[in-house]
Amino acid sequence: MSTTNQHPAIHNAMWPGLVGKGPDSEPFIPLETMLDLTAKAEVDGVRFDGVDLFLSLPHTSIDSTDDELKQLAESVAGRDLVVGSVVAPVWPPTGGGSTMGSEEERKSFLTQVRKACAIGRKLRDLGIRRYGVVRIDSAASPAEWAKDPAGNTRRIARTFCDAALIAEDYGERLAAEGEICWGGMHSWKRMVELLEMVNRPKTVGFQADMAHSLLYTLGYNAEEDRLLPQDFHWSQQDVLMGALRTVTHALRPWTIDFHVAQNDGTVHGSGSHDKTGRHCIVGDPNGKMDTVAVAGLWMRDESGTPTRAYEHICWDGCMFPNSVMLAQKTWNDILGTVIAVRAAHGWV
């Protein structure tokens, strides 16, 4: 295992300060605080290279002015960080709309994609962003999708194709994050079906999050696509790795953005966020995966060669208590894990 790998770059996600937080949960954690915690993390002289952003208040407004984006760039650069991927707020509560909804809803979704792509390009122009994608999803629930599976998948695909045209105008790529809470993306088979239907591999790809893709193997919201046997026990790590190999074999060719994460095998939701994979902190005894080993299934091809499909990897861990989020040790431990992933599966 090489310990000298410098690529891909290592990023930290800023949205854990927002996701699952809010009026009916714990207070939001300000972006400046998240940036400080990230910048101060250090393991054997190695620090985070950058951050991935959520383009929604109270962090970064999707309607940010040029002056506000310049201030953001200066704030990030002042901490010796860069920006990578950005999350487009495509859901109805944040101004977006369902990709399989009415024309008005689809228009709202596409408007948010356009605004996010414009911000992405502006951050490139400001010199703070050299790589990364715009993250999207279907902004629809599996229950609504299930009312007309074939028709709704076609509508989502049509919306994604329209979004691809927008992204191309701005020199951006879109990554659809597969989670069990997004209709038409709630199983590994449905995710592949959707990507193949869109068929824009240079513009629309997959964002793999290890915590979410683990649940694909359990068939949540898609029992017919379950890979692990009903009597599976988590001690059977060889069986788990076999199921994950099936998922990664199907989705790795589409993967253009990657999140290192841990999961305890259950679903969880808090605040305004729907039920989805429960992220775990580093070292959580309930974590079900060998993080470094599973990351390799995504980061290496079938021959074991690093795919080099993305220029950075990002730690994602949402819905932790604020007491955990505000402890510097949490981020030092996270950084150490992502460094280990890069050491095992990156390149010089």
Residue that is in a helix (DSSP H, G or I) and of a type outside the set (D, E, K, R), where the choices are LEU218, LEU194, LEU227: LEU194
Of all residues in segment 184-218, which are under 22 Å from ASP169 (Cβ atoms) and β-branched (Val, Ile, Thr)? VAL198, THR203, VAL204
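Assess whether LYS122 counts as being surrounded by 18 or more Cβ atoms within 10 Å (Cβ to Cβ) and of a type in the set (Lys, Arg).
Working: surrounded by 18 or more Cβ atoms within 10 Å (Cβ to Cβ): yes; of a type in the set (Lys, Arg): yes.
Yes; evaluated as a whole, the condition is true for this residue.
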Restricting the search to segment 7-34, which residues are over 29 Å from PRO306 (Cβ atoms) and in contact with a Lys or Arg (Cβ under 8 Å, 6 or more places away or on another chain)? PRO27, PHE28, ILE29
Being surrounded by 21 or more Cβ atoms within 10 Å (Cβ to Cβ) and closer than 25 Å to PRO8 by Cβ, is that true of even one residue in segment 137-154? yes
Per the filter on segment 155-194, residues touching a strand residue (DSSP E or B) at 6+ places or on another chain (Cβ under 7 Å), open to solvent by less than 50 Å² (accessible area, probe 1.4 Å) and within 30 Å of ASP125 (Cβ to Cβ) are PHE160, ALA163, ALA164, ALA167, GLU172, LEU174, ALA175, ALA176, GLU177
Pair list, Cβ < 6 Å and 6+ apart or interchain, from segment 174-186 residues that are in a loop (DSSP other than H, G, I, E, B) to residues that are at pLDDT below 95 and among the hydroxyl-bearing types (Ser, Thr, Tyr): GLU179/THR276; ILE180/TYR220; CYS181/THR276; GLY183/SER141
THR291 vs (1) out of contact with any Pro (no Cβ under 9 Å at 6 or more places or on another chain); (2) touching a residue at least 24 places away in the same chain (Cβ under 8 Å); (3) surrounded by fewer than 16 Cβ atoms within 10 Å (Cβ to Cβ): all pass except (3)
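In segment 125-167, how many residues are assigned to a loop (DSSP other than H, G, I, E, B) and touching a residue at least 24 places away in the same chain (Cβ under 8 Å)? Lay out the reasoning, then the answer.
Residues of segment 125-167 that are assigned to a loop (DSSP other than H, G, I, E, B), as a first pass: 126-128, 130-133, 137-141, 146-148.
Next, from what is left, pick out any that are touching a residue at least 24 places away in the same chain (Cβ under 8 Å): 126-128, 130-133, 137-141, 146.
Number of matching residues: 13.
Would it be correct to say that ILE119 is touching a residue at least 24 places away in the same chain (Cβ under 8 Å), within 19 Å of the chain's Cα centre (by Cα) and assigned to a loop (DSSP other than H, G, I, E, B)? Even if it seems obvious, please write down each step before you answer.
On the way: touching a residue at least 24 places away in the same chain (Cβ under 8 Å): yes; within 19 Å of the chain's Cα centre (by Cα): yes; assigned to a loop (DSSP other than H, G, I, E, B): no.
No, not satisfied.
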How about segment 197-212: which of its residues are without any contact (Cβ under 8 Å) to a residue 60 or more places away in the chain and not in a loop (DSSP other than H, G, I, E, B)? MET197, VAL198, VAL204, PHE206
Residue by residue through segment 166-196, note down the ones that are farther than 20 Å from ALA116 by Cβ and aromatic (Phe, Trp, Tyr). TRP188
Would you say ASP162 is over 19 Å from the mean Cα position of the chain (by Cα) and more than 24 Å from ARG226 (Cα to Cα)? yes
Among the residues of segment 318-338, is any within 16 Å of the chain's Cα centre (by Cα) and either without any contact (Cβ under 8 Å) to a residue 60 or more places away in the chain or exposed (fewer than 15 other Cβ atoms within 10 Å of the Cβ) (or both)? no
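The values are calculated or read from the model by the stated rules, or taken from the named source; none is laboratory data. Nothing here was measured: the structure is a model prediction, and the numbers come from that model. No Cβ is skipped: glycine too gets one built from the backbone with ideal geometry, and neighbour counts run over all protein chains shown. Please note that ligands, DNA and RNA were not included when accessible areas were found on the heavy atoms of the full protein model with its side chains. Shrake-Rupley method; radii C 1.70, N 1.55, O 1.52, S 1.80 Å.
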